[in-house]
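First the structure, in the form of structure tokens, and then the observations on it.
The values are calculated or read from the model by the stated rules, or taken from the named source; none is laboratory data. These numbers were taken from a predicted model, which means no experiment stands behind them. Glycine also receives a Cβ, built like all others from the backbone with ideal geometry; neighbour counts cover every protein chain displayed. All accessible areas refer to the heavy atoms of the entire protein, side chains included, with ligands and DNA or RNA removed. Shrake-Rupley method; radii C 1.70, N 1.55, O 1.52, S 1.80 Å.
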Amino acid sequence: MLLLQRVAVSGLRVSRFDSYARFVVPKLYPHVFFTSNSSHLQRRTPHFSNGSTPSGYWAAAGALLGVGAVLAYGNHREKAAEESLPMYTKAEVSYHRSLEKRVWVTLGNEVFDVTDFVAIHPGGPSKLMLAAGGPLEPFWALYAVHNQPHVRELLAQYKIGELSPDEEKSSDLVSTDPFANDPPRHPALQINSQKPFNAEPPLELLGESYITPNPLFFTRNHLPVPTLDPTTYQLQVEGPPGGQTLKLSLDDLRRFPKHQVTVTLQCAGNRRSEMAQIKSVKGLNWGAGAISTAQWGGARLRDVLIQAGHSPYGPEAHVCFEGLDFDPTGTAYGASIPLARAMDPESDVLLAYEMNGQPLPPDHGFPVRVVVPGVVGARHVKWLGKVSISSEESPSHWQRRDYKGFSPSVDWDTVDFDSAPAIQELPVQSVITEPREGQTIEPGEVTVKGYAWSGGGRAIIRVDVSLDGGLTWQVATLEGEAQAPRRAWAWRLWHLTASVPPGKKGLNIICKAVDDGYNVQPDTVAPIWNLRGVLSNAWHRVHVQVVP
């Protein structure tokens, strides 16, 4: 599969492969060579007459590799043209998604076996494995560094066949399926339910960027995604008693002063899977990725309400939102927030029509959604259709009979939803994104990365990390600019590079965050367990093995 040629320069003979690999292989695996009679990586030490490796060896090799890649790639193309490569179905490709079964990927109509490249992938093996059994395009769209000639040359060496042009596109959708028009999703998302679609990004991708790319932003849908025409869309905003109701088009909303704010959204059920390990709960089995950050753009809700005739200093009340996503009975998703929050100019509540500089994606509320900084994701109503003011909170099921916290002693036989307030602000939170649970690390040093966030605009002031299960602690470095008190709407990414204690076979890594109210995460899950599995924010723990 790998095309190798030997070139003699001043008596030195080296294996030549892609110029992309010349920077990767010597750095990560200085004794890994490709043999001319095998497609597998072999560990072999280059032999010299004096038993040593000359200092100029790798320099000479590096100078040759770039030229060799061009020749090898040309030979590959000639060979591919002469041979008739086999055809594969998408199902056959999908089967090969592990090292045991080989790792296949596709690009366009071409099929590649990249098993032997997994270990030396510059972004780490786990990143490449996310695409195993499927297309590379969604990942290359996120990371443009891949879409370069030398990377394509490297990939060409792993080609094993083509996708069958006669393959019939299978579908489990029928004309009566309310989810038939749901949009396509990024294959890296880890799906918790297909209908309605709910998914989270892998933690190793989530922690890579302060701003979460739109395709990787976690998705929480309660109902089918509506298909809305932006040219005919209208938002109904009810005025005060005796007033008029506004009907605002998307262009009308754009005429209001545009406001942009970077906000982290977190689902109330983030980390529910950890509560489920204590005792069964009802709800989607979210890991620690039901949280993401974006820059949102739109009109301030405050400006729109004032335009509709509402006073910014009116009586205590609630702003109720209704979405344009409906269940089979015609019931829309709904939620509400206090009017005081909506009218506070420092609360930055938006009627958003942009996400990271682009129109909202269908899964995230196109064409308009509510963004309520510092508040649980359940109140950020998507596909917004109606805004009204009421003396009582929204009558919606999701406001009155869901997203509330209870004592660990309360079960489904004794729960009284009217006895607890609806969740608005969320407690302080932090999670380790790297290394991952069960990962094997090298001795010497380990770098721990993660995110931290707190509700209500409370800033993160510290993240503590322990490598020994909480016996001793070190303070992590917070990334990015310091946060403003009361308006810290977005998370802080953090990292810590620490020495691995000599002789350790494994590490029990823990993180805990502290916000500017000196709120800190609880140490264990059991005391905060509740029947809905919400508000899960105990110390986050990751166990890793150390290479002997």
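Only one of the numbered conditions (1) outside any loop (DSSP other than H, G, I, E, B); (2) open to solvent by 20 Å² or more (accessible area, probe 1.4 Å); (3) of a type outside the set (Gly, Ala, Ser) is violated by Asp464, and that is (2).
Looking at segment 213-223, can you tell me whether even one residue there is over 16 Å from the mean Cα position of the chain (by Cα) and either within 30 Å of Arg302 (Cβ to Cβ) or at pLDDT below 95 (or both)? Among the residues of segment 213-223, at least one is over 16 Å from the mean Cα position of the chain (by Cα) and either within 30 Å of Arg302 (Cβ to Cβ) or at pLDDT below 95 (or both), which makes the answer yes. Among the residues examined, Gly243 qualifies as open to solvent by 40 Å² or more (accessible area, probe 1.4 Å), among the small types (Gly, Ala, Ser) and closer than 30 Å to Ser311 by Cα. Could we say that Pro202 is within 30 Å of Glu481 (Cα to Cα), touching a residue at least 60 places away in the same chain (Cβ under 8 Å) and open to solvent by 30 Å² or more (accessible area, probe 1.4 Å) here? Criteria not met by Pro202.
Whether any residue in segment 274-283 is over 30 Å from Cys511 (Cα atoms), buried (at least 19 other Cβ atoms within 10 Å of the Cβ) and not small (Gly, Ala, Ser) is what I want to check. For segment 274-283, residues over 30 Å from Cys511 (Cα atoms), buried (at least 19 other Cβ atoms within 10 Å of the Cβ) and not small (Gly, Ala, Ser): absent.
Table: residues versus (1) of a type outside the set (S, T, N, Q); (2) not in a loop (DSSP other than H, G, I, E, B).
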| residue | (1), (2) |
| --- | --- |
| Glu354 | yes, yes |
| Asp363 | yes, yes |
| Val370 | yes, yes |
| Pro373 | yes, no |
| Gly385 | yes, yes |
| Ser388 | no, yes |
| Pro395 | yes, no |
| Lys404 | yes, no |
| Ser430 | no, yes |
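The selection criterion, being in a strand (DSSP E or B), among the β-branched types (Val, Ile, Thr) and within 25 Å of His380 (Cβ to Cβ), does not hold for Thr447.
Check whether at least one residue in segment 385-396 is within 30 Å of Asp464 (Cβ to Cβ) and out of contact with any Ser or Thr (no Cβ under 7 Å at 6 or more places or on another chain), and report yes or no. No: segment 385-396 contains no residue that is within 30 Å of Asp464 (Cβ to Cβ) and out of contact with any Ser or Thr (no Cβ under 7 Å at 6 or more places or on another chain). Exactly one residue among Gly330, Gly309, Gly374 is on the phi > 0 side of the Ramachandran plot, in contact (Cβ under 8 Å) with a residue 40 or more places away in the chain and open to solvent by 30 Å² or more (accessible area, probe 1.4 Å), and that residue is Gly309.
Being at pLDDT 95 or above and not in a loop (DSSP other than H, G, I, E, B) is a property that Pro226 lacks. Given (1) out of contact with any Ser or Thr (no Cβ under 6 Å at 6 or more places or on another chain); (2) under 25 Å from Trp453 (Cβ atoms), where does Ala308 come up short, assuming only one miss? With (1) out of contact with any Ser or Thr (no Cβ under 6 Å at 6 or more places or on another chain); (2) under 25 Å from Trp453 (Cβ atoms) applied to Ala308, the lone miss is (2). Answer yes if at least one residue in segment 346-365 is open to solvent by less than 20 Å² (accessible area, probe 1.4 Å) and either among the charged types (D, E, K, R) or at pLDDT below 95 (or both), and no otherwise. Checked against the condition, which is being open to solvent by less than 20 Å² (accessible area, probe 1.4 Å) and either among the charged types (D, E, K, R) or at pLDDT below 95 (or both), segment 346-365 yields at least one hit.
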